[in-house]
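Report on one structure; see the data block that follows.
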Amino acid sequence: MKIGVYPGSFDPVTNGHLDIIERGAKLFDKLIVGVLINNNKSPLFSLEKRIEFLEYSCKGIPNIEVESFSGLLIEFMKNKNAKTIVKGLRAVSDFEYEFQMALMNRKLNPEIETIFMMTNNKYSYLSSSLIKEVAKFGGCVKGLIPEIVEKELYKKI
Ligand code: ADP
């Protein structure tokens with residue numbers, strides 16, 4: 001069985017993430033969305049909420065699983081028997097960091113491959129942090145995040 005992992009903070013999930021998930025799901029028997037438990041960063045949404053938003057937004061895609069992980073991604077991959085990391089690329093600015101991460105992960109486990117999917121041009125400027133910033137100041141983020149997230153985002157801020 002071909003299993004991929006799409007890791008991230010998803011704080012919160014945006015339509016840019018969902019676009020990668022939908023397209024990525026077609027490449028694998030199973031695509032695991034790995035939600036990072038990052039204790040250093042303090043996320044706006046709890047882990048449970050981030051997972052709930054993802055599960056709700058992906059419920060139409062049968063081969064998606066949403067799971068949390070902490071520590072090394074490649075350890076999580078080993079436990080899940082996954083061999084491919086899926087990443088989205090928005091701009092050249094993403095490249096340097098992702099390049100470093102991909103090479104480090106390959107050094108840690110040469111059997112794991114990272115693949116990059118080009119963003120959908122509709123969402124290339126989207127990031128979770130920009131969404132939070134705009135919402136904080138009352139800007140409209142309709143059409144950029146799932147509706148369920150939109151409702152809770154304004155409540156939260
Ligand atoms: P963000 O960078 O928005 O805070 P994450 O850390 O959760 O989000 O990102 C997880 C993955 O999703 C990364 O590989 C990132 O490059 C990708 N990604 C995030 N937003 C988009 C987008 N709008 N289009 C394509 N890929 C994206």
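The values are calculated or read from the model by the stated rules, or taken from the named source; none is laboratory data. All values reported here derive from a predicted model rather than from experimental measurement. Don't worry about glycine lacking a Cβ; one is built from the backbone with ideal geometry, like all the others, and counts go over all protein chains shown. We work out accessible area using only protein heavy atoms, side chains counted, and drop any ligands, DNA or RNA first. Shrake-Rupley method; radii C 1.70, N 1.55, O 1.52, S 1.80 Å.
Being open to solvent by 20 Å² or more (accessible area, probe 1.4 Å) and either at pLDDT 95 or above or farther than 30 Å from LEU153 by Cα (or both) narrows it down to one residue among LYS41, LYS30; which is it? None of the others qualify; the one that does is LYS30.
One line per residue, one yes/no per condition, for (1) touching a helix residue (DSSP H, G or I) at 6+ places or on another chain (Cβ under 7 Å); (2) of a type in the set (Phe, Trp, Tyr); (3) on the phi < 0 side of the Ramachandran plot:
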{"residue": "ASN81", "(1), (2), (3)": "no, no, no"}
{"residue": "GLU96", "(1), (2), (3)": "no, no, yes"}
{"residue": "PHE99", "(1), (2), (3)": "no, yes, yes"}
{"residue": "MET104", "(1), (2), (3)": "no, no, yes"}
{"residue": "MET118", "(1), (2), (3)": "no, no, yes"}
{"residue": "SER127", "(1), (2), (3)": "no, no, yes"}
{"residue": "ALA135", "(1), (2), (3)": "yes, no, yes"}
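GLU55 fulfils the conditions (1) out of contact with any helix residue (DSSP H, G or I) (no Cβ under 7 Å at 6 or more places or on another chain); (2) open to solvent by 60 Å² or more (accessible area, probe 1.4 Å); (3) within 22 Å of GLU147 (Cα to Cα); (4) touching a residue at least 60 places away in the same chain (Cβ under 8 Å) except for a single criterion, (4).
Out of segment 124-135, which residues are within 9 Å of the ligand (Cβ to nearest atom), in a helix (DSSP H, G or I) and either open to solvent by less than 40 Å² (accessible area, probe 1.4 Å) or over 26 Å from ILE157 (Cβ atoms) (or both)? Result: SER128, ILE131.
Summed over segment 1-23, the residues that are within 13 Å of the ligand (Cβ to nearest atom), more than 23 Å from GLU150 (Cβ to Cβ) and either in a loop (DSSP other than H, G, I, E, B) or not aliphatic (A, V, I, L, M) (or both) give a count of 2. Just to be sure before I move on: is ILE145 crowded, with 18+ Cβ neighbours inside 10 Å, within 15 Å of LEU18 (Cα to Cα) and in contact (Cβ under 8 Å) with a residue 12 or more places away in the chain in the structure I sent? In short, yes.
Anything in segment 112-131 that is under 15 Å from HIS17 (Cα atoms) and of a type in the set (D, E, K, R)? List them, or say none. Across segment 112-131, the qualifying residue is only LYS122. Restricting the first member to segment 83-97 and to residues that are more than 17 Å from ARG23 (Cβ to Cβ), and the second to residues that are of a type in the set (Ser, Thr, Tyr) and assigned to a loop (DSSP other than H, G, I, E, B), the beta-carbon pairs closer than 9 Å and six or more apart or on different chains are ALA91/THR119; ALA91/SER124; ALA91/TYR125. Residues that are in contact with a Ser or Thr (Cβ under 7 Å, 6 or more places away or on another chain), among the basic types (Lys, Arg) and open to solvent by 60 Å² or more (accessible area, probe 1.4 Å) do not occur anywhere in segment 102-115. Would you check if there is a residue in segment 87-101 being surrounded by fewer than 17 Cβ atoms within 10 Å (Cβ to Cβ), within 12 Å of VAL5 (Cα to Cα) and away from the ligand (no atom under 12 Å from the Cβ)? Scanning segment 87-101, I find no residue that is surrounded by fewer than 17 Cβ atoms within 10 Å (Cβ to Cβ), within 12 Å of VAL5 (Cα to Cα) and away from the ligand (no atom under 12 Å from the Cβ), so the answer is no.
For segment 57-79, the criterion of being touching a Ser or Thr at 6+ places or on another chain (Cβ under 9 Å), under 18 Å from GLY16 (Cβ atoms) and within 14 Å of the ligand (Cβ to nearest atom) is met by no residue.
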